[in-house]
Every structure is written in structure tokens, then in C-alpha cells.
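What follows is a set of notes on a single structure, which appears directly below.
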Amino acid sequence: MNAESWETLFMRILQNICLVLGMSRRTLRVSKIRDGTVIDHITSGHALNVIKILGINGRSNGIVTIAMNVPSQKLGVKDIVKVEGRELNPEEVNRIALIAPHATINIIRNFKVVEKQRVKLPSIIQGTIKCTNPPCISNSENEPVKPIFYVEGEEPLRLRCHYCGHIMGKEDVLKQY
Amino acid sequence: MSYLLPLMVCFMVSASVFIGRDVISVKDFTREEVDYLLRIASEMEPLAESSSDILKGKIMATLFFEPSTRTKLSFEAAMYKLGGLVIGFSEPEASSMKKGENLADTVRVVEKYADMIVLRHPAEGAARFAAEYAKVPVINAGSGAEEHPTQAFLDLYTIMKEKGRIDGLKIALMGDLRYGRTVHSLAYALSLYKTKLFLVSPELLRIRREVLEDVNARIEVSEHSNIEEILPEIDVLYVTRIQKERFPDLAEYTKVRGSYVIDLNVLRRARSDLIILHPLPRVDEIASEVDSTPFARYFQQVKNGLVVRMALLALILGAVKE
């Protein structure tokens, strides 16, 4: 038996083991994480935006797994992001809600889901993002002011600045990260 | 019977809703409240000719972080006409802002001296921000390119006085609709009435998305690049200046400038009862030859501004009896 045949045989055996254990190729691609956060039900095509909004830039520690266009009963197709070794705080969850309003956040400890929550866009957003209208008073560094936005629409995202009335969309939010 | 209804609704609003109130945006007011304000303004007409002491002992602070002639003088004259006193400054260089004091601190200091604050500031949203810190009422006298609500109230008053009504009118706003704070406030104000709005401007200076969407949700609005195509239709033409500095390319400015000048030649196609308004200062967007025609009403606006501001001050400081 030559080297190529050995390799083919090895791959066949490995596939069979996977089938016996009930694992498809898909489950191998998005494997379970020990500790961290799974962001599920991300609107298809927005996984990379979630990565961006969380400030994950490839230089941070921990494994980050991204799955795109995964079949979903609820959404048809969805994206999933798994972040090893990091539990998202409420402010980060709010940020995700801005661009993926249907997402669910699963906090994983020792391979088990210990907390599961659907992101929810609040009706008022404070401090998370800035107004993209440069002359808005909320952009003044000299004033004790926190940007405040009223959520007028989730999809498409529509935010109105409390101070200057400027309207912002998803692209205006993404520009800030 | 039907003509009595608006009047009855107007009377449902009482002077008490104005006491201690901030005037930040036209959007904070209902039509009934604006109607009520305009009615009180008409009652102020005789007082503007003489004087009164209904605000005796009251102090108004004018904090003008941007230059102003008309608005500041108008507020001050209104206060003096009603027997009140005025303190304030007209340039940030003359204030502690120069030492680095911020707006939040400034209004918290000034409120200790005054019963109300009239604020003009270059930042958009500055009046709303100041009102959150001040314990006394804040009147927005211009917040950057955002809004100038008292100008809109006096514009409405002028239209009402000159045309006898606002409902049913076709009104064109022309010029710099993007950066013109007076047109933003006026567009909101006109959307409280059954008006049809024509927005005439160069492409670059089209009205802001948020204003257009809000106004368009209430009344019919159309956008145009040329005044001549709609001039025969309209009852009121509100002109603002196209500012050269808004154009990144001077050639583009030179190209469009001539299309936004109103002179006798352009007005040949206008209705005979058209009125022309302008928030002033005017530069060359209305030729001086128009001043002596029956179309011109912009100097009457100035006088109307006095009575509208007298009404507002008296209402906010609780000097108008039910």
C-alpha cells in the first residue's frame, strides 16, 4: 500500500468515527467552547460587525470562532460568534443589540450554558455611542454630557439624538468601532 | 359653526402651560399652544407702542455665544417694554467661557442672577443641554444650524397677520435649507397647520433628512431646484441666504447663486397677493428694488418679532392672567 492509499484510508476511518459519534462536519467546524460567550442568532452577514463592535482585532488572546450563513429555523440563515475566555458585560450586549437585534447571548462555563439572554434594544441608549453630527453639544469635550439616543426603529436601525435631533443608522454606529 | 372650532380648541390651552417653560424646539409645542401664543402676541400690540410694568422686578439674562443683532435686541426690547431688566453678554470673549468655563457651569451661575435665560450658542442641542442644568427657563435664541424657535413663531405671526390664516396656504422656503436654523424651525411650525410646503434649494443645501421626514409625515412637501417653476402657485415665499462658504467649490456657488436671487423680473410670474418674508440679515438674495413693492413683508417681521417675544416672556414669567 503506497503513502496516498494510507492517507485516503485514514481520512475514511476518521469520517466514520465522526459519523458513529453523531458529529457532522458542521459540528466539527463550530466546536464547543469551555468558558466564554456564544453569540447566536446574529443576523446573517453581521458576524464580522459583531467582532468589530466588540473590539476583537486578532491581536487579543483567546480563540474566536465565526460561523456564517448557518441554517436557522428562526432566521433562515444566521451567523454565530464564539468568544473563548470572555464573558460579555451589559454594555457590550447593548452594543450588539444595535446591529444584531435578534441575537442571543449564551454565557458558557465548563462547557455548560449558565446564562442565556436575548439581546434587547432599549428604547433609550445612553453613553454607548456618539452622535455623528460633529457640531452636536454631546460631542463637546468640555461639557459634562453623555450622548443619549432614542431608538425609533430596530431594523433598519434608526436612532435620534436627544440633543440635536440627528438621525443615525447602522452604518453610523459601525463607523465608530 | 365650523369656524368656531379652532377658536374653542385654542381657548382650551391656558397661560399656565407656559409658566416656567423652556423654549427649545418648535417640536415641543402643539398647534393649540402656538395658536394661543399668537393670540397673546396680538394682545401685546398696544403694549409694544407704549410700555408696561407687568415684568417689573424680573431679570432676563441674554447669553449670546454667537453674534446677533436682531434677535438679541428684539429680546431685550421686549423685556424693557414689559418693565423688566436685562443682563448678559454678546460675545464669548466677554464671558468666563474665555477662561475655560463650560456651558453647564455658566447657566448654573447665571440662574442665580436671572429669572430666565435667553441662549444663543454655536453647538446644536446646546439649548436643550443648558435647560437640563438651569433651574430657570431657557429660551433657545439659535442653536447652531439646528433651530431658532422664536423666529418661527414670529414668522407664523407675520403670516397670520398678513394673510389672515395659515391653514390652506402654499408656502415656499428658499435658499440654504441645510444649515438655515430658521427654516428648520419654520418647517416644523408650518407642519402644525394644513399647509403645502415647497422646499427650493441647490442640491447641496437640501433640507436635513430628520427635518424632511418629520415634516413630511404631517404635511405635503416637495423639493425643487428652481423657484420660477412654482412661483405662480405660492402664497408665501420665505427667502434665506445661500452662503458662499457652504460650497467646497467656488465655481459651483457661482453657478447656482443667480437662481436664488429674487428681483422684479422673477416676481413678474408671482401672484399679486404673494408675500415675501426673510429672517434677515439680507445680503443680496432679495434685490432692494423689491423692498418698495407690496410683496415685501420682511421689515414688518421685525416688529412682529417684538410682540411675539413680549408674549413669550410674559407667558413664561407668569404675567399673563387667565
Please return the ranges of strands (runs of 3 or more DSSP E) entirely within region A:112-156 where 1 or more residues are surrounded by fewer than 13 Cβ atoms within 10 Å (Cβ to Cβ), acidic (Asp, Glu) and more than 12 Å from chain B (Cβ to nearest Cβ). A:112-118
Could you list, in sequence order, the residues of region A:125-144 that are among the β-branched types (Val, Ile, Thr) and modelled with pLDDT under 95? A:ILE125, A:THR128, A:ILE129
Taking region B:192-226 only, how many residues are within 14 Å of another protein chain (Cβ to nearest Cβ) and of a type outside the set (Lys, Arg)? 9
Give me the pairs, please: first residue somewhere in region B:25-41 and modelled with pLDDT under 95, second residue anywhere and assigned to a loop (DSSP other than H, G, I, E, B) and of a type in the set (Ser, Thr, Tyr), beta-carbon distance under 6 Å, and either six or more positions apart or on two chains. none
Filtering region B:213-225 down to residues that are of a type outside the set (Asp, Glu) and assigned to a helix (DSSP H, G or I) yields B:VAL215, B:ASN216
Can you tell me which residues in region A:140-160 are touching a helix residue (DSSP H, G or I) at 6+ places or on another chain (Cβ under 7 Å) and of a type in the set (A, V, I, L, M, F, W, C)? A:VAL145, A:LEU157
Can you tell me how many residues within region B:266-321 are aliphatic (A, V, I, L, M) and assigned to a loop (DSSP other than H, G, I, E, B)? 8
Within region B:158-212, how many residues turn out to be part of a loop (DSSP other than H, G, I, E, B) and small (Gly, Ala, Ser)? 6
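Table: residues versus (1) touching a residue at least 40 places away in the same chain (Cβ under 8 Å); (2) among the polar types (S, T, N, Q); (3) over 24 Å from B:ARG297 (Cβ atoms).
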| position | (1), (2), (3) |
| --- | --- |
| B:GLU228 | yes, no, no |
| B:ARG246 | yes, no, yes |
| B:TYR253 | no, no, yes |
| B:VAL256 | yes, no, yes |
| B:VAL266 | no, no, no |
| B:ALA270 | no, no, no |
Scan region A:157-174 and give yes if some residue there is more than 10 Å from chain B (Cβ to nearest Cβ), at pLDDT below 95, surrounded by 17 or more Cβ atoms within 10 Å (Cβ to Cβ) and part of a strand (DSSP E or B), otherwise no. no
For B:GLU233, indicate whether it is over 26 Å from B:GLY305 (Cα atoms) and touching a strand residue (DSSP E or B) at 6+ places or on another chain (Cβ under 8 Å). yes
Taking the criterion of being closer than 24 Å to B:GLY144 by Cα, among the hydrophobic types (A, V, I, L, M, F, W, C) and either within 14 Å of another protein chain (Cβ to nearest Cβ) or in contact with a Gly (Cβ under 6 Å, 6 or more places away or on another chain) (or both), would at least one residue in region B:23-41 satisfy it? yes
Name every residue in region B:277-289 that is without any contact (Cβ under 8 Å) to a residue 40 or more places away in the chain and either among the hydroxyl-bearing types (Ser, Thr, Tyr) or surrounded by 18 or more Cβ atoms within 10 Å (Cβ to Cβ) (or both), in order of residue number. B:SER288
From A:LYS175, A:LYS130, grab the single residue that is in contact (Cβ under 8 Å) with a residue 40 or more places away in the chain and under 21 Å from B:ASN102 (Cα atoms). A:LYS130
Only one of (1) assigned to a loop (DSSP other than H, G, I, E, B); (2) surrounded by fewer than 18 Cβ atoms within 10 Å (Cβ to Cβ) fails for B:SER259. Which number is that? (1)
For region B:132-139, indicate whether the set of residues that are free of Cβ contacts under 8 Å to residues at least 24 places away in the same chain, surrounded by fewer than 23 Cβ atoms within 10 Å (Cβ to Cβ) and out of contact with any Pro (no Cβ under 8 Å at 6 or more places or on another chain) is non-empty. yes
Counted residues, region A:89-98 - those being surrounded by fewer than 20 Cβ atoms within 10 Å (Cβ to Cβ) and either assigned to a strand (DSSP E or B) or among the hydrophobic types (A, V, I, L, M, F, W, C) (or both): 1
May I ask you to verify whether B:TYR80 is aromatic (Phe, Trp, Tyr), surrounded by fewer than 16 Cβ atoms within 10 Å (Cβ to Cβ) and either in a loop (DSSP other than H, G, I, E, B) or within 14 Å of chain A (Cβ to nearest Cβ) (or both)? no
Which of (1) crowded, with 20+ Cβ neighbours inside 10 Å; (2) free of Cβ contacts under 8 Å to residues at least 60 places away in the same chain; (3) in contact with a helix residue (DSSP H, G or I) (Cβ under 6 Å, 6 or more places away or on another chain); (4) within 21 Å of A:SER44 (Cβ to Cβ) does A:VAL83 not meet, given it meets every other one? (3)
Only residues in region A:100-123 that are more than 19 Å from A:GLU84 (Cα to Cα) count as the first member; pair them with residues that are in a strand (DSSP E or B) and of a type outside the set (Val, Ile, Thr), Cβ under 6 angstrom, at least 6 apart or cross-chain, and list the lot. A:HIS102/A:HIS41
Criterion (at pLDDT 95 or above, closer than 26 Å to B:GLN301 by Cα and not hydrophobic (A, V, I, L, M, F, W, C)) met by exactly one of B:ARG120, B:ARG70, B:ARG108: B:ARG120
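The values are calculated or read from the model by the stated rules, or taken from the named source; none is laboratory data. For clarity, every value in this text was computed on a predicted model and none was experimentally measured. Please note: Cβ atoms are built from the backbone with ideal geometry, for glycine as well, and neighbour counts cover all protein chains shown.
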